[in-house]
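What follows is a single structure, written as structure tokens, with notes after it.
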Amino acid sequence: MIPSEYDHAAILEKAAEVLETEGWSQGRYVMHVSAWTNTYCAVGAIRRAVSGNIYLQMSQDLLWAATHTQNLLSSKLRQPITAWNDQSGRTADEVIDLMKETAKDIRNERKPA
């Protein structure tokens, strides 16, 4: 199921799932490992989570949802998510943990006081 375009926590959780099940990469949105296997960087995983298929042109609403979700991570990191993802020594677990932690933070902000 594709998460709601405005549910950034669900988008991040789905993106983390994409990385856990399909794999993580650096340097490009999607890396073709074999004819049937792709791996994704953080941004590629977010786009895959939003659209279901990274190769399809996204509607303005879906593009906005993906971009805003990427910006949430960049704000938290205080640097572009693309640069952080591609840093030498970065691991898949760090990227997945960031997505899950940010999704949890978003959900906790929604709880009434």
Report yes if Ala65 is of a type in the set (A, V, I, L, M, F, W, C), within 19 Å of Glu13 (Cβ to Cβ) and at pLDDT below 95, otherwise no. yes
Hey, could you check the range 84-97 for residues that are β-branched (Val, Ile, Thr) and within 12 Å of Gly23 (Cβ to Cβ) and say which is surrounded by the fewest Cβ atoms within 10 Å (Cβ to Cβ)? Ile96
Is there a residue in the range 19-40 that is among the hydroxyl-bearing types (Ser, Thr, Tyr), crowded, with 20+ Cβ neighbours inside 10 Å and either under 13 Å from the mean Cα position of the chain (by Cα) or under 19 Å from Asn108 (Cα atoms) (or both)? yes
For Lys100, work out the one condition from (1) surrounded by 12 or more Cβ atoms within 10 Å (Cβ to Cβ); (2) touching a residue at least 40 places away in the same chain (Cβ under 8 Å); (3) more than 11 Å from the chain's Cα centre (by Cα) it doesn't fulfil. (3)
Could you check the range 58-90 and list, in sequence order, the residues that are under 17 Å from Ala45 (Cβ atoms), without any contact (Cβ under 8 Å) to a residue 12 or more places away in the chain and not in a helix (DSSP H, G or I)? Met58, Pro80, Gln87
With criteria (1) free of Cβ contacts under 8 Å to residues at least 12 places away in the same chain; (2) part of a loop (DSSP other than H, G, I, E, B), Tyr6 comes up short on (1)
Failed item, numbered, when Arg78 is tested on (1) basic (Lys, Arg); (2) surrounded by fewer than 15 Cβ atoms within 10 Å (Cβ to Cβ); (3) touching a helix residue (DSSP H, G or I) at 6+ places or on another chain (Cβ under 8 Å): (3)
Checking the structure you have, find out if any residue of the range 104-113 is under 14 Å from Ala15 (Cβ atoms), surrounded by 15 or more Cβ atoms within 10 Å (Cβ to Cβ) and within 14 Å of the chain's Cα centre (by Cα). no
For the range 91-113, name all the residues that are within 19 Å of Tyr40 (Cβ to Cβ), assigned to a helix (DSSP H, G or I) and not hydrophobic (A, V, I, L, M, F, W, C). Asp93, Glu94, Asp97, Lys100, Glu101, Thr102
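The values are calculated or read from the model by the stated rules, or taken from the named source; none is laboratory data. Just so it is clear, the model here is predicted, and its values are computed rather than measured. Positions of Cβ are generated from backbone atoms using ideal geometry, with glycine treated the same way; all protein chains shown enter the neighbour counts.
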